[in-house]
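The values are calculated or read from the model by the stated rules, or taken from the named source; none is laboratory data. Quick caveat: nothing in here was measured; it's all calculated off a predicted structure. Virtual Cβ from ideal backbone geometry, glycine too; neighbours counted across all protein chains shown.
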Amino acid sequence: MTNVDALLQQDIPLVRRLLVSAIRTELGRFGFKKGVLGLSGGVDSSLAAFLAAEALGPENVRAVLMPYRTSAPDSAADAMEVIRLLGLNHVTIDITGMVEPLFAQLPNMSQRRRGNVMARARMIVLYDQSEEWGGLVIGTSNKTELLLGYGTLFGDMASAVNPLGDLYKTQVRQLARAVGVPERIIAKPPSADLWPGQTDEGEMGLTYAEVDKVLYLLVDERRTLAEVVGMGFSEAFVRQVWRMVQRNQYKRCPPTIAKVSSRTLDWEFRMPRDWGT
Amino acid sequence: MDSQFTVGLAQTFPRLGDVEANLQRHLELAREAQGLGVDLLIFPELSLTGYTLRELVPHVAIRPSPEHPMWKPLLEASASMALVVGFVEEDARHRFFASSAFLDGGRVVHVHRKVYLPTYGLFEEGRYLCAGDGFRAFDTRFGRCGIAICEDAWHISTPYLLWMDGADYLIFCSASPAYGVGTEQEGATANAATVTQFTKTYATLLTSYAFHVNRVGVEEGISFWGGSLAVSPRGQVVAQAPYFEEALVPLEVDPGLLRAARQRLPLLRDEKPLTVLHELSRILSEERRHDER
């Protein structure tokens, strides 16, 4: 069987250099020296904070803590530890008062809907902080989440630049360890913390260790489903993963524009995002 | 074959990336066409896969071999009716082509690989596909035919070459997107007007039958305009499908019209392909070409 663990290993100093430089350059070209990010105390946002601090200087990074009344207290403690280690500017804005009126109006709202509302409330806060602080929003979604669609559209998926979007969760952990994210944060079970006891792996019914290998083979290595099954992964699992990737493609694309003219945005009008910078 | 026969223009809305579903739709339409007495049923470009495939290309590619599970039912259906179907073809060395195959009598009579892959404007075919390298007319029980796929037909040398190779029936298979909504052509987009115009012009100047079969539906926000068309060797529109809607349009083809048109307008008789060849050779060899840059 192909040693996929070895394939998921990266040249850590090189990746770190590329990501730090990308954050600095992409923010800088739009005339920004500062960045703002939502810090949950999880490994993804902690790593993003470390990289942003290295790229922009800790005084130019605002970490925004956005707890809800049921958020795990450990999350805030871990986030504060990152802020302390790096010396980041920070602010805490509780979203309970934003979302509860809607929950009260719609008492039958499912856990998933409430989770999405909370993720979008946090987006509102972050973009408002972006304006107030004069810095762009730095994203924290990793490649595994983006591929599986484990994120809220226009919620936690919203950002100006995302340094983690091309790193699988396994690779996020490797890099986090190398840059000095506390081991406690790296080791705890990943969770969106949208309700008590929620974990990514529990909710999706898979483990990152396993799914990252399958994703890497299907996406990066361009292997067919049959080939990946032939490498020893269960067929049901491989199919489930690929279905998730397929079903969530829309989340990774801008909204569909109904074409009528001969120069439609994104089809014939293909200017670079960094146009004029 | 000098007797009349019936062509069916199958203006379909393929499901993007779902070869199995599209195959079933092909078989369904073939049965329906049989009821209408159709002898030759023509499907649009990439009718088995949909158009805006991007990196789905390798996922939907097939080898046109009788053993392939997608190919077998089509060959079986072609036992009673000739079919032109569009698909992504994978060759033995894993290159992918936008191809259209002419099937008849349970076998593959001819496969045309799209030569001109548009890679400008909204088109990105050159990124995902390999270009074919030739135009060949081929014999069928109806007469000699030639296939061109969408952009192929925008290059005027394409129908000319097929004509010189003996084709009396030009089959254009398209997935032509709708854009340009000026007020010149009511109910049709600007490029629809252009394609309709050149299809009529080709049929007239080549004194041949021209069939243009275009798809409909919407993919990735892009509408396809349909408006499939059959033009007689006299340049008359003898059948036209509606814009934007699925349709199966049958039409009678009268080979006698080829004979009549070529008496009235003996362009084929008087054509000087050797002069074309000499002039092209001269043009391509002259230094002048480089100075023009």
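Every residue, every condition in (1) surrounded by fewer than 16 Cβ atoms within 10 Å (Cβ to Cβ); (2) within 17 Å of the chain's Cα centre (by Cα); (3) among the small types (G, A, S), yes or no:
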position: B:D168; (1), (2), (3): no, yes, no
position: B:F172; (1), (2), (3): no, yes, no
position: B:T194; (1), (2), (3): yes, yes, no
position: B:T201; (1), (2), (3): yes, yes, no
position: B:F211; (1), (2), (3): no, yes, no
position: B:S228; (1), (2), (3): no, yes, yes
position: B:A239; (1), (2), (3): no, yes, yes
position: B:G256; (1), (2), (3): yes, no, yes
position: B:R262; (1), (2), (3): no, no, no
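One residue alone among B:L74, B:L83 is part of a helix (DSSP H, G or I) and closer than 25 Å to B:G143 by Cα, and that residue is B:L74. The requirement of being among the small types (G, A, S), in a loop (DSSP other than H, G, I, E, B), out of contact with any Ser or Thr (no Cβ under 7 Å at 6 or more places or on another chain) and surrounded by fewer than 16 Cβ atoms within 10 Å (Cβ to Cβ) is fulfilled somewhere in segment A:108-126, by at least one residue. Restricting A:V82, A:V91 to residues that are closer than 17 Å to A:G35 by Cα and in a strand (DSSP E or B) narrows the list to A:V91. Where helices (runs of 4 or more DSSP H) sit wholly within segment A:203-277, those with at least 3 residues that are within 14 Å of chain B (Cβ to nearest Cβ) and at pLDDT 95 or above occupy A:225-230, A:235-247. Within the set A:D156, A:D212, A:D220, the sole residue that is over 18 Å from A:S46 (Cβ atoms) and buried (at least 22 other Cβ atoms within 10 Å of the Cβ) turns out to be A:D212. Among residues of segment A:1-32 being surrounded by 14 or more Cβ atoms within 10 Å (Cβ to Cβ) and in a loop (DSSP other than H, G, I, E, B), the one that is farthest from the chain's Cα centre (by Cα) is A:T2. Within this structure, A:A49 passes the test of being crowded, with 16+ Cβ neighbours inside 10 Å and without any contact (Cβ under 8 Å) to a residue 40 or more places away in the chain.
Of everything in segment B:1-38 that's of a type in the set (A, V, I, L, M) and assigned to a loop (DSSP other than H, G, I, E, B), which residue is farthest from B:A247 (Cα to Cα)?
Initial filter on segment B:1-38 (of a type in the set (A, V, I, L, M)): B:1, B:7, B:9-10, B:16, B:19, B:21, B:23, B:27, B:29-30, B:33, B:36, B:38.
This time we only want the ones that are assigned to a loop (DSSP other than H, G, I, E, B), so: B:1, B:16, B:36, B:38.
Numbers: B:M1: 27, B:L16: 18, B:L36: 13, B:V38: 14 Å.
Per the stated criteria, the residue is B:M1.
Right, A:A104: over 18 Å from A:T199 (Cα atoms), within 16 Å of the chain's Cα centre (by Cα) and small (G, A, S) or not? Taking the combined requirement at face value, the residue does not satisfy it.
Scanning segment B:40-66 for residues that are touching a Cys at 6+ places or on another chain (Cβ under 8 Å) and not small (G, A, S) yields B:I42, B:F43, B:P44, B:E45. Only a single criterion out of (1) at positive phi; (2) surrounded by fewer than 20 Cβ atoms within 10 Å (Cβ to Cβ) is not satisfied by A:A178, namely (1). Checking B:G217, B:G221 one by one, the residue that is within 14 Å of chain A (Cβ to nearest Cβ), free of Cβ contacts under 8 Å to residues at least 24 places away in the same chain and touching a Phe, Trp or Tyr at 6+ places or on another chain (Cβ under 9 Å) is B:G221 and no other. Within segment A:94-120, track down each residue that is closer than 30 Å to A:G28 by Cβ and of a type in the set (A, V, I, L, M). Hit for segment A:94-120 is A:A119, nothing else. Can A:P190 be described as in contact with a helix residue (DSSP H, G or I) (Cβ under 6 Å, 6 or more places away or on another chain) and either within 14 Å of another protein chain (Cβ to nearest Cβ) or part of a loop (DSSP other than H, G, I, E, B) (or both)? Criteria met by A:P190.
Restricting attention to segment A:66-75, the residues that are farther than 17 Å from A:N116 by Cα and either touching a Ser or Thr at 6+ places or on another chain (Cβ under 8 Å) or at pLDDT 95 or above (or both) total 2. Out of all the residues in segment B:103-110, is one or more farther than 20 Å from B:E28 by Cβ and assigned to a loop (DSSP other than H, G, I, E, B)? Within segment B:103-110, one or more residues are farther than 20 Å from B:E28 by Cβ and assigned to a loop (DSSP other than H, G, I, E, B).
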